[in-house]
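For reference, the structure discussed in these notes is given below.
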Amino acid sequence: MTTVAFTPGTEARFAVARHVADAVLFEGYVLYPYRASAAKNRLRWQFGVLVPPSWSAAAEEHDFQLTECLMEPRTGAELAVEVRFLRAQRRTVEELCADGSFAPTAELSLADRVLVAWDEGVEERVTLVVPVGDLRGDGTTLPFTRCAAEEVEEVTDTDGRVLGRLVRRREEISGTVRISAAELDGPYRVERLSVTVENTSAWTAEPDTDRHAALPYSLVATHTLLRLDGGSFLSMTDPPEWAKGPVNACRNLHTWPVLAGEPGRDDLMLSSPIILEDHPAIAPESPGALYDATEIDEILALRTAALTDEEKREARGTDPRAAAVIDLADTMPPEVLERLHGAVRSLQSVTGPPKQASNILEPDTPWWDPGGDTGVDPGSDHVLVDGRAVRAGSRVVLRPRLRRTDAQDLFLDGHTALVEAVLHDVDGGVHIAVTVEDDPGADIRREQGRFLYFQADEVEALEDV
């Protein structure tokens, strides 16, 4: 058992999960506005950082991850494992001196980009394939090492004249992957799979060492892909009833496993430092990697396109991935940008098709449509407030409750408002939609249907209408 290349079938299955895993691997790699000088890019590598053991004791970060999940392997099943992480590569900039030597410089300005010092992320993989039968007992251990290296890249102008160079340095890092399996008691053939990824780098931290110094010896954004060739994994978030006890007994430290790949398949597991749902997927409208998965692609694309030419030069010089984002935003066709504006995929009727043996028929209008219940009418319905009917057109005094409203609504205490509608939600709650009378934008709010909402005990009735 050694580090191996996967079979075409396993490689194809992992490729499905890597698409999502890349969003985890590079999350926060370089954040909008994608320039090294941006404050948000000065503290990077937020998730899944396994630091060297000598530094973990002094920090709130860890030198290992532990994944435990349940699997139902068939006889002769094999487990394929891929541990992926980024290795921080420190890039410095040097300019050419008159005597032909090179000296460090803060930046090197070119026609299309501005080069500055930056920590690049080099993707690393540790892979192995092992028969499930060999994992029982002590299991198997795979140590790995990535050697130190230095690379030099000349920087030239448009005429080919050397202006300086980029020097990239990688430090030696070491780690260990430990895998074991244990059969569980019960009527089903279920095994608990344990995978530990540990940073064992020998680098020694000095007493005042900071995180920046420890990063080149760390495994960054570490996550694990598991593929069972002959068998299935159980969902850790929605297991069958009989498996809830064993699932709750599993330990997952600094990572969380979910079923990956297409819904309906259970041979693939992704364990990542970000908690995901089963079968996570990138929205089909997404035009490409923007390295900020918690944001909205449309906003990022528009903001990126709005950067000045000088800001784009700096971004292009920050990193090849940042340059690719700039190019993506600048060349995005209008029809692609329009697709980012929004899509509805979750709404569906809950009543089901008409049943042969029932008089219950599917309604013409689904439950979530405002016209689905003809028994309510926001324009004419009323609610009693201190024995007085409050409906559209009523005037009220606002009395927001401290624990029931947004903080900014507390500034409206004592203001008078006009009731625009009385609304009933699907849970039986009643909400009073209002516009504040001294709000200069009340007409615009009314035209757009953007009201403030209060409950009956948060208003005082002024008069009946």
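A few points about this structure:
- Tensor-based shape of segment 381-465 (alpha-carbon gyration tensor, a/c under 1.5 rounded, otherwise prolate or oblate): rounded
- Rounded to the nearest 20 debye, the dipole magnitude of the chain is 1100 debye, with +1 charges on Lys and Arg beta carbons, -1 on Asp and Glu beta carbons, and the Cα centre as origin.
- Calculated FRET efficiency for the pair residue 99/residue 281, C-beta based, R₀ 60 Å, to 0.05: 0.60
- Peptides 213-226, 151-164 ordered by average Cβ neighbours within 10 Å, highest first: 213-226, 151-164
- Segment 27-89 - accessible surface per residue (Å², probe 1.4 Å): 35
- Sorting 296-304, 421-429, 382-390, 23-31 by their mean Cβ neighbour count within 10 Å, with the most densely packed peptide first, gives 23-31, 296-304, 382-390, 421-429.
- Signed unit charges on C-beta, dipole axis of segment 86-157, positive-most listed residue 129, 103, 152: 129
- Accessible surface for segment 152-195, divided over its residues, is 54 Å² per residue with a 1.4 Å probe.
- Take every Cα pair under 8 Å whose residues are at least 6 apart in sequence, average their separation, divide by the length of the chain, and the relative contact order is 16 percent.
- On the beta carbon distance between residue 242 and residue 262, with R0 = 25 Å, the FRET formula returns roughly 0.50.
- The stretch between residue 156 and residue 380 holds 73.3 nm of extra length on full extension. This uses 0.36 nm per residue minus the Cα-Cα distance.
- For the chain, with all protein chains in place and a probe radius of 1.4 Å, 51% of the accessible heavy-atom surface sits on carbon or sulfur.
- Segment 1-39 and segment 424-465 have their alpha-carbon centroids 48 Å apart.
The values are calculated or read from the model by the stated rules, or taken from the named source; none is laboratory data. The shown structure was predicted, so the numbers you read here are calculated from the model rather than taken from an experiment. Cβ coordinates were reconstructed from backbone atoms using ideal geometry, including for glycine residues, and neighbour counts include every protein chain displayed. Accessible surface areas use protein heavy atoms only, side chains included; no ligands, DNA or RNA. Shrake-Rupley method; radii C 1.70, N 1.55, O 1.52, S 1.80 Å.
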